[in-house]
Amino acid sequence: KRFFSSLGIPFVTSEGLADAVAQGRKVAGAEFCAPIAALHGHVAHLVDKADFLFLPFFLEESEPDSRAHRMYCQYTQYSSALAAGIDGGRIRARCLMPLMSFSRWKERTKRELYETLDRAGVPRLTPALVARAFDRAVAFQEAAVRRLQKRFRDEEKSDFGAGTARDGEPRVLLIGRPYT
């Protein structure tokens, strides 16, 4: 949202869509995990509300301050192409699917975003404008992550009241995939 707002591009989102997984399972054409089914549901929800659907590809990312990279599962990597296939693939031409990375190939990502938006006919864009919007959006996202991390650390230190775990014991254990 920050990226498109910075460029003055109007957009709609599917935030708040309550039954995305159920909707996605109806249109997916195959049995997928909940995140991929939900993506299908979000796409189905938006298909009649927007001229284009922004479905970027994310293949891998790097950990901060590390050369190591992590690969997303195959369904996650190719979820854009899978979701673009709903409705018999009739929406594929309206799907904007640049290859993106927030940490590994930022310059390539900026170029892909510019070329994708240019092909879609977005007026008055330049590579420099798209690059600045991308940098602002990434900085906003990184700041949001830092705020959440700080909040977790602060709350972990505070007294949660009755049932608080003793010092040294975990209060919460989160297990999941990178996209969770």
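Details
- Verdict on Q77 being modelled with pLDDT under 90 and surrounded by 14 or more Cβ atoms within 10 Å (Cβ to Cβ): yes
- So R146, is it part of a helix (DSSP H, G or I), of a type in the set (D, E, K, R), touching a residue at least 40 places away in the same chain (Cβ under 8 Å) and exposed (fewer than 15 other Cβ atoms within 10 Å of the Cβ): no
- Among residues of the range 83-137 being among the aliphatic types (A, V, I, L, M), closer than 26 Å to A20 by Cβ and assigned to a helix (DSSP H, G or I), the one that is farthest from the chain's Cα centre (by Cα) is A93.
- Yes/no for D65 being part of a loop (DSSP other than H, G, I, E, B), at pLDDT 90 or above and either in contact with a Cys (Cβ under 8 Å, 6 or more places away or on another chain) or of a type in the set (D, E, K, R) (or both): no
- When restricted to residues that are in a helix (DSSP H, G or I) and more than 16 Å from A137 (Cα to Cα), the range 1-31 contains 8.
- For the range 83-114, the set of residues classified as open to solvent by 60 Å² or more (accessible area, probe 1.4 Å) and under 26 Å from A34 (Cα atoms) consists of D87, G88, R90, R92, A93, R94, F102, listed by residue number.
- Given (1) surrounded by fewer than 19 Cβ atoms within 10 Å (Cβ to Cβ); (2) small (G, A, S); (3) not in a loop (DSSP other than H, G, I, E, B), number of the condition A38 does not satisfy: (1)
The values are calculated or read from the model by the stated rules, or taken from the named source; none is laboratory data. As the structure is a prediction and not an experimental result, all values here were calculated from the model. Neighbour counts run over all protein chains shown; Cβ positions are idealised from the backbone, glycine included. These accessible areas exclude ligands, DNA and RNA; they are computed on the full protein's heavy atoms, side chains included. Shrake-Rupley method; radii C 1.70, N 1.55, O 1.52, S 1.80 Å.
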